[in-house]
1. Under 10 Å, Cα contacts only: if you run a Gaussian network model on chain C, which one of C:Ala43, C:Ala192, C:Ala21 comes out with the highest mean-square fluctuation?
2. If I stretch the segment between C:Lys121 and C:Asp305 completely, what's the gain in nm (0.36 nm per residue apart, minus their alpha carbon distance), one decimal?
3. So if we plug the beta-carbon distance of B:Ala335 and A:Ala18 into 1/(1 + (r/R0)^6) with R0 = 51 Å, what FRET efficiency do we get, rounded to 0.05?
4. Can you work out ³J(HN,Hα) from phi for every residue in the range C:249-256, in order, using Karplus 6.51 cos²θ - 1.76 cosθ + 1.60 and θ = phi - 60°, giving whole Hz and x for Gly and Pro?
5. Sequence-distant or interchain residues sharing an amide H contact under 5 Å with C:Thr167, placed H: which?
6. Could you tell me which residue in chain A puts its beta carbon nearest the axis mapping A onto B, with the distance rounded to whole Å?
7. Hey, got the dipole for chain A? About the Cα centre, +1 on K and R Cβ, -1 on D and E Cβ, debye to the nearest 20?
8. Per-residue counts of other Cβ atoms within 10 Å, averaged by peptide: what ranking do you get for C:2-9, A:281-288, highest first?
Amino acid sequence: MTWLRNAWYQAGWSSELAADAPLVRTILDDPILFYREASGSVAAVLDRCPHRFAPLSAGRVAAGEVTCGYHGLAFDFTGACTRNPHGPVTSRMRVRAYPVVERHAAIWIWMGDPGAVDESKLPDLGFIDATPESARISGYMPTRANYQLMADNILDLSHADYLHPDTLGGMMTNAKSRTWEEGDTVTAEWLAEACTPPPAFRAMVRDGLADIWTQVVWSPPALMVLGTAAKPAGVRRTGGDEAYTLHNMVPETMTTTHYFFCSTRSFLTDDAEFSALLRAAITQAFRDEDKPMLEKQQARMAGHDFWALDPILLPIDAGAVRARRKLDALIAKEARAAGEAAGG
Amino acid sequence: MTWLRNAWYQAGWSSELAADAPLVRTILDDPILFYREASGSVAAVLDRCPHRFAPLSAGRVAAGEVTCGYHGLAFDFTGACTRNPHGPVTSRMRVRAYPVVERHAAIWIWMGDPGAVDESKLPDLGFIDATPESARISGYMPTRANYQLMADNILDLSHADYLHPDTLGGMMTNAKSRTWEEGDTVTAEWLAEACTPPPAFRAMVRDGLADIWTQVVWSPPALMVLGTAAKPAGVRRTGGDEAYTLHNMVPETMTTTHYFFCSTRSFLTDDAEFSALLRAAITQAFRDEDKPMLEKQQARMAGHDFWALDPILLPIDAGAVRARRKLDALIAKEARAAGEAAGG
Amino acid sequence: MTWLRNAWYQAGWSSELAADAPLVRTILDDPILFYREASGSVAAVLDRCPHRFAPLSAGRVAAGEVTCGYHGLAFDFTGACTRNPHGPVTSRMRVRAYPVVERHAAIWIWMGDPGAVDESKLPDLGFIDATPESARISGYMPTRANYQLMADNILDLSHADYLHPDTLGGMMTNAKSRTWEEGDTVTAEWLAEACTPPPAFRAMVRDGLADIWTQVVWSPPALMVLGTAAKPAGVRRTGGDEAYTLHNMVPETMTTTHYFFCSTRSFLTDDAEFSALLRAAITQAFRDEDKPMLEKQQARMAGHDFWALDPILLPIDAGAVRARRKLDALIAKEARAAGEAAGG
């Protein structure tokens, strides 16, 4: 098995899917058509008519149904055929439908067995809901790199010192760090004490040295919540100082990724000018620094498996390696379960 | 075996091959150089010199011979070497030559064993010859889709109701239809009685309801003759009312097709303005409606085999399915014969 | 084994690698970063960090070291890690380094076992050193064709009569020719007596008939030295009349080649105008005549193995065939030696 299928993947931000404009997005190699029903709830069906394999997106969506533009078969959000102009509707006339949930301002799709769908496995991103929209910066950046390479990038923030030296970097390499596992999550934490804060942290500590806490909590398949807090050196941190950002790496294919992010903050929450500055800084850092490096890294691997290239392992890789192993184990477990189900 | 080789394929329209301008066209993955000899007859040789594999088309054609532009070897229409500037000509110096016949304003090439060449297998397209040139509209439209998908499209004309609703569609889904086989041909027939004729049929029935007869006769590999006749409802049809169009799908590769068409008519035969209108309508329908759908269908199949995707079969697919099975059987038969020849 | 690895390949001209501008060039499918150390000597390392496989060229080169732009690991010209900001440097932290020698105005890289490196195997191109720079014309032309096809082109100069009829051709097909082997080299020689010299030779024999001697000495993998001399017919040639040109075909991949050339002359050595004319003529002949033919030849082979296509062998192919067989034997020998080393 290539993918972890019994899992929720972010298909997009809710704001990306208007009531009258369906969206086609490929996830785990499946081309999927997303649209809103009259109720506003989101439907997701394989974008391939089961009759002659035309994309359903080449037809039209109306009244909660998708009608194929080639021969007129219509399907509802459950995947059932609701209209066959050429004869009776039978139960075999189905397009694959995917369970979808909308939560935390995002659309989530279950890519595995619909019988195993489990809303309790949805990630808890309450920090997004708790933040007024004016203090959220969310976005989408498609990238030509494997999703695990992109998770490695967030799980090892020491890269900021080398890739983002002018904005975010300078404090991570010498920070105290540790990683641990808890259930299916992996956490990497850094504590930079009495450091000169990077420019990006000067909004929080205007002068002098700072204590900066950074934490990444990874959940499978490749969803990460990054927490940060910066205080003047020696000042005790409280829960209220923390700001959280979602970094979610959703595989489009093995070599391309939908990167969704959402930065939240608890200060300057109504400052639109600050939001604009922050959005520009986040976009610039990723677009001009991370994305080119990740895409070059992908290209340099030339189709080889990551482990087959025998990477050097450094202490900074602890979180990323734990996450890779966790995901491998979950995929293997799913494959075993599928094998047993097939065998029994 | 992938292709039906012992068959005639249309290589082009006669008008595409001028006396002084050779043409390279790939058919069944073979790149082939076509040129006219002094007599005007058409020669076809593999466009790859047997010496160092340079394309012969990068050389020159003169006096009925092709001379390679790399080392000067020359070949005639039989594929025999006629000049070797570097030593004696031997019988091993041959380029593959293909039997060619020019008929029905078209060039036909035999892609299989030259020893098995059989002119009686040429399709009978007498309707083209019987039509004055002023009443023929022929053309060529290369398409990035498999030739069998393109044959399916013609063999199931119910698609017109959904893909061409404003011009050709509206009467097929509810028409009486049947399909049958006769020798190696498959015929699909539709009779739409007392229907509102689609705009494209208003030249034949200006007012009121119409009876419209439509018939597609498929011959292997993927040549179809479409007959239509439209009469005011209740008026008896005679043979003279029928108009025929060739739709010929010739594989360039497994995923790209040379589509040749020739529409003929028995009315307004000298009306150049009507010809221009008709040509524009045919071109528009294919270029803007069929071709995009076929190419998207091809793309959505993502390299999978048609049957492996387990298509839903509807009554409208009867003709296309019969034609696919017929072709599969002919290819299998050819493979068996080749195996026996090799074994004996 | 695909490549002859225990051999020197030209990586470029010395003039291509400035002190402050590293160069990435792929050779035998390996992407390699070349840079100059403070001493001016050339270093070559695999352009892929052994930690996370980012291209080292996306980092920076300074003080003779390459620092990865992703996590800050630094490596010297031996491939050893010289700096790990994240912990101790261990012996496992190495990037592949390649032995490099600079000679004959060119950079040479040893692509095989560094333990087997052997400077005595460097080609002797003393004719380049013996020529004043004002009388050398060197260049680089990347080509989308396999390096052996490109060696065939030089080893069989009869092609000039067909591909370059207006400049170089006309005398080769009827010249006396012979080929022979000596050690690992293959030599092809042509003697055109009392011929009308092609335009390119009119600088040497202004009027009347000429005797023209041409010789190509091939050394593995695909380096050729072309010697020419032209004298008025019947006048005895002396060593001093000879002019030599390097034609070196270095595989970038199996289907693309770095073509390096260097023409030298012993006449008009200070004539910059003549140099400019000659450079234009060489460039034009290759760019407009050889390169298109070679690239079309490559494309027409459609991924097939050269011998699997069963080429016709002509007397003019003797040199090219000997060179191909020699190279095949050397590659097989290297594979056997590697197998024995692995087995023992």
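Every read-out reported here was derived from the displayed coordinates using simple, explicitly stated rules and does not represent laboratory data. As the structure is a computational prediction, the values presented were derived from the model and not from experiment. Reconstructed Cβ throughout: ideal geometry from the backbone, glycine too, with neighbour counts over all protein chains shown.
1. C:Ala21
2. Once the chain is fully extended between C:Lys121 and C:Asp305, it gains 63.4 nm.
3. The pair B:Ala335/A:Ala18 has a calculated efficiency of 0.45.
4. 3J(HN,Hα) across the range C:249-256, in whole Hz: 10, 10, x, 8, 9, 5, 10, 9.
5. Answer set, sorted by chain and number: none.
6. A:Gly303, 10
7. Using only the charged Cβ atoms, the result is roughly 680 debye.
8. Those peptides, ordered most packed to least, come out C:2-9, A:281-288.
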